[in-house]
Amino acid sequence: MKVAIIGGGGRVGSCAAFALQCGGLVSQIQILDANKDLADGEALDLLHGSAFAGDQKIYSGDYARAADSDIFLITAGLRRKPDESRLDLINRNVALFVGILESIKSAGFRKDAHIFVVSNPVDILTQLAVQRMGLPWQQVYGLGTMLDTSRFSSLIAEELKLAPKQVKALILGEHGDSMLPVWSSASVNGLPLAGLPECTPSFQNAVFERTKGSGAEVIKRKGGAGWAVGIAIRDVIHAVLLNQHTLLPVSSLIQGAYGISDICLSVPSVVGRKGVEQHVEIKLWPKEQMALQASARALKETLAKVKA
């Protein structure tokens with residue numbers, strides 16, 4: 001499988017490339033960036049480690065060279081300011097994103113290729129990609145709340161002194177201000193987290209608020225996220241590559257699940273070689289169901305303001 005990383009010279013793109021190289025499953029990684037020297041340098045640096053990491057082909061290049069890619073991973077975008085909502089980025093990033101889509105189309109691409117959106121605001125940009133690329137909706141998806149879910153589970157584990165990989169707790173909805181925590185299904189090694197005496201309502205509120213503010217916290221402390229988002233991207237791509245049918249909270253076009261239609265956001269989704277193969281409706285607490293539908297309405301209101 002070949003993955004073309006558009007914006008691969010940036011923090012997120014380069015961390016994703018490194019995670020994929022260490023994963024050792026992707027056969028080719030192509031780095032594209034508006035800054036050609038930076039793309040060349042990132043590809044060269046990764047290539048220098050290939051003897052120890054794996055046998056992948058790693059190189060830079062233009063859109064014409066990327067035309068045979070299985071997955072176009074789009075990470076290019078303008079950086080979010082510490083006090084700026086992800087949705088505030090929309091008017092600054094849409095033109096850039098649409099230009100990237102047009103470049104992919106102009107270069108030609110395989111009709112079984114996938115468009116994997118990481119750039120923010122990811123749900124809105126995923127929606128635009130569905131509308132503009134002429135591909136089945138299953139082949140166009142965004143990272144959605146994958147990173148939020150990883151942050152949420154990791155922070156719960158840290159606070160409760162539990163093994164992080166045993167904690168399973170979802171964030172659904174928008175990757176942004178209206179995201180919601182799903183405590184009704186949160187568990188540790190199969191046991192309900194809500195049943196633990198330490199998992200009080202105040203604990204739940206505190207850990208979710210820190211999760212929700214984690215993006216701004218990382219930007220303030222080091223300038224932007226990289227390593228964790230790289231791992232989240234790797235997990236989605238490996239689910240596609242290995243046809244794992246993994247249940248993941250990626251963003252894709254919802255058409256009826258949870259009473260939501262005609263908007264991209266994150267719900268539990270089965271991910272395999274064909275992309276998002278189905279949406280899974282788990283039973284939510286009433287307040288969670290209402291919050292998910294409110295998140296969809298908020299995204300639709302924003303989408304109505306997009307000039308693209």
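All of the numbers you see were taken from the coordinates with simple rules; none came from a lab. It should be emphasised that the depicted structure is a prediction, and the values quoted were computed from it without experimental measurement. Positions of Cβ are backbone-derived with ideal geometry, glycine not excepted, and every protein chain shown enters the neighbour counts.
Here are some notes:
- About the Cα centre, charge dipole magnitude for the chain (Lys/Arg +1, Asp/Glu -1 at Cβ), debye: 180
- Reachable aspartates and glutamates, given that their alpha-carbon falls under 13 Å from the alpha-carbon of Lys36 and they are not under 8 places away in the same chain: Asp62
- Annotation: aspartates and glutamates with alpha-carbon distance below 20 angstrom to Lys305 (same-chain offsets under eight excluded): Glu84, Asp88, Asp123, Glu174, Asp177, Asp262.
- What the Cβ-Cβ distance of Asn35 and Asp177 gives, at R0 = 35 Å and to the nearest 0.05, is a FRET efficiency of 0.70.
- Lys/Arg +1, Asp/Glu -1 at C-beta; the chain dipole; positive extreme among Val140, Tyr258, Ala216: Tyr258
- Listed by chain and number, the aspartates and glutamates placed with their C-alpha closer than 20 angstrom to that of Lys168 are Asp148, Glu158, Glu159, Glu198, Glu209, Asp235, Glu281, Glu288; residues fewer than eight positions away on the same chain are left out.
- ³J(HN,Hα), Karplus 6.51/-1.76/1.60, whole Hz, each residue of region 106-116, x for Gly, Pro: 5, 6, x, 8, 6, 6, 9, 6, 10, 9, 10
- Listed residue pairs exceeding 25 Å between alpha carbons, taken from Lys161/Lys212; Lys165/Lys283; Lys212/Lys287; Lys2/Lys165; Lys2/Lys111; Lys165/Lys274: Lys2/Lys165; Lys165/Lys274
- Quarter of the Cα convex hull surface for the chain, i.e. its orientation-mean projected area (nm²): 15.0
- Relative to the dominant Cα principal axis of the chain, helix 122-133 is inclined by about 50°.
- The amide H of Ser269, built 1.01 Å from its N in the peptide plane, has Leu248, Val250, Val280 as neighbours under 5 Å, considering only residues 5 or more places off or on other chains.
- Taking the DSSP bridge list for the chain and keeping only pairs wholly inside it, about 50 percent are antiparallel.
- When only alpha carbons are used to place a centre, region 82-129 and region 177-204 end up 33 Å from one another.
- Annotation note: trypsin sites (Lys or Arg not before Pro) in region 197-297 located in DSSP loop regions with a Cβ neighbour count of at most 12 within 10 Å are Lys283.
- Region 96-198: radius of gyration and largest Cα-Cα distance (Dmax), Å: 17.8, 58
- Distance (nanometres) between label positions extended 7 Å along Cα→Cβ at Arg221 and Lys283: 3.9
- Restricting region 92-168 to trypsin sites (Lys or Arg not before Pro) that sit in a DSSP loop and have at most 13 other Cβ atoms within 10 Å of their own Cβ leaves Arg110, Lys111, Lys161.
- Whole-Hz ³J(HN,Hα) from phi, Karplus 6.51 cos²θ - 1.76 cosθ + 1.60, for region 135-147, glycine and proline x: 9, x, 4, 4, 8, 10, 8, x, 4, x, 9, 4, 5
- Semi-axes of the equivalent ellipsoid of region 118-253 are 27, 17, 14 Å, computed as sqrt(5λ) over the eigenvalues of the C-alpha gyration tensor in descending order.
- Per-residue ³J(HN,Hα) for region 222-239, Karplus 6.51 cos²θ - 1.76 cosθ + 1.60, θ = phi - 60°, Hz, x for Gly and Pro: 9, x, x, 6, x, 5, 5, 5, x, 5, 4, 4, 4, 5, 5, 5, 5, 4
- Shape class of region 37-161 from the Cα gyration tensor (axes a ≥ b ≥ c, square roots of the eigenvalues): oblate, since a/c reaches 1.5 or more and a/b does not exceed b/c.
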